[in-house]
1. Neighbouring Cβ atoms within 10 Å as the yardstick, rank Ile175, Ile105, Ile217, Ile327 fewest first.
2. Report the gain in length on full extension from Asp166 to Glu212: 0.36 nm times residue separation, minus Cα-Cα distance, nm rounded to one decimal.
3. Work out, step by step, the length gained on full extension between Val231 and Lys29: first 0.36 nm times the residue separation, then minus their alpha carbon distance; give nm to one decimal.
4. Could you run the Debye sum over the Cα atoms of region 100-295, one equal point scatterer each and no solvent, and tell me log10 of I(q)/I(0) at q = 0.10, 0.12, 0.17 Å⁻¹, two decimals?
5. To the nearest whole percent, what portion of all C-alpha pairs in region 173-267 is separated by more than 23 angstrom?
6. At 0.36 nm per residue, minus the direct Cα-Cα distance, what do Lys304 and Asn248 gain on full extension? Give it in nm, one decimal, please.
7. Taking 41 Å as R0, compute the FRET efficiency from the Cβ-Cβ separation of Asn296 and Asn321 and round it to 0.05.
8. Using the number of other C-beta atoms within 10 angstrom as an exposure proxy, rank Phe239, Phe300 with the fewest first.
Amino acid sequence: MRFCKVACFICIFAGLFAASATGDTVVLKGGQKLIGDIVAEKPDRLYVDVGVTVLAVPKQDVLEYHKDKQNEPNSPAAQESANTEKPPAKSSAGRLYYASDTGKIRTIEQGVAEVAEAVVKVSTPAGLGSGFFVNEQGYLITNYHVIEKETKIEVTVFKKAGEGFDKKVFKSVRIVALNPFVDLALLKVEDLGDYKVRFVALGDVEKIRVGEPVFAIGNPLGLERTVTNGVISSTSRPFEGLVYLQTNADINPGNSGGPLFNLSGEVIGVTNRGYIFFGGLGFAIPVDYVKHFIDNRETFAFDKDNPNTGYRYIQPDGRRNKARPDIK
């Protein structure tokens, strides 16, 4: 009686999911097909995840079964799936950036293929750096020092085309907000036209761990789309009153303003400093500073008529008693 109930239960799910789902296929001796993910195989049973539950299917009831090649991690279909942009879930209403809800771990190769088109080159008459789009509207993040004292800014994007990339330069770039204290700038490309922006999601600083693999994409010394990789060396390296991420991924001039990614393809930091003559010492602004800056962009809004935009403060009075204090 118990066997009949199990078989009936399997048949019901086979009928519900065979027509609409894709995945591994289990063909029962009664002719029904069960489609899902084979998550485990024992000598006498197959365990199949059909979405709403995991079924334990007796092998004596199975005629044949085979795995979907798209589920194999090194298959062309899986590679193509990994390289196809899946828009992440929006973090909350009214915000300009997105946050990933997948947490899927990829290889560096897969991660680069997925996020590379969101990384840009930021150029001014004084030099160049890197940046990255945070949404489809053309908003992007870079370092303040990349565009400091400049208003003529160009953004170069790299669009995948066959085995290479096509370059497109946008010359109408607006400065939205500046915060020199955390070395961040928010820009917006105004002349996108019909160009479809590829953007990246911002990660969670609380999930960053020492030793986890990371990779950076940028334009060091003008060498476009350069990828470097390493690990997080420290999550709390202090500089000038701020906390930075330290990584042994190489960071050089031109990387400034570019993203530091985890293996889920999330931005966890903005690269802004490194030691050229000492390899393995790179630093990035943690992503929580980036989120706070974007969320409070009106506070740091750029005004071309105000040279002190975003950071004009009244200095406190000096110490009136000039005598040396007593130290007890």
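Just so you know, all these numbers are worked out from the coordinates, no wet-lab data involved. All figures in this text were calculated on a predicted structure; none of them were measured in a lab. Note that each Cβ is placed from the backbone with ideal geometry, even for glycine, and that neighbours are counted across all protein chains shown.
1. Sorted ascending by nearby Cβ count, the order is Ile327, Ile105, Ile175, Ile217.
2. 13.3 nm
3. 67.6 nm
4. -0.35, -0.51, -1.08
5. The answer is 33 percent, as a whole percent.
6. Full-extension gain reported as 16.4 nm.
7. In this case the efficiency is close to 0.65.
8. Phe239, Phe300
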